[in-house]
Amino acid sequence: MDKILAILILGMGLTGALLMILVTQWFNSPVGNVLKIMTAVSALLFIGFAVSVRIVRRRFDAENGR
């Protein structure tokens, strides 16, 4: 269970880093709509990872009696 939690947190961190990179390119973008779509998708992935980490954390705490 610890390994799953660590992977989810790592994925959330990487997605957040990608989101920060893409948001800076959102302004004055040479590519246009494709970049905006990629930014929206990465934001949704970040939210998905954040929610799954919270769910896994609650299950982990319930298993260990915390």
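The values are calculated or read from the model by the stated rules, or taken from the named source; none is laboratory data. Predicted model only: the values in this text are computed from it and were never measured. Positions of Cβ are generated from backbone atoms using ideal geometry, with glycine treated the same way; all protein chains shown enter the neighbour counts.
Contact annotation: residue pairs with Cβ atoms under 6 Å, 6 or more positions apart or on different chains, pairing a residue in the range 30-43 that is more than 16 Å from ALA17 (Cβ to Cβ) with a partner that is modelled with pLDDT under 75 and among the small types (Gly, Ala, Ser), are LEU35/SER29.
So SER29 passes all but one of these: (1) at pLDDT below 80; (2) assigned to a helix (DSSP H, G or I). Which condition number does it fail? Of (1) at pLDDT below 80; (2) assigned to a helix (DSSP H, G or I), only one is false for SER29: (2).
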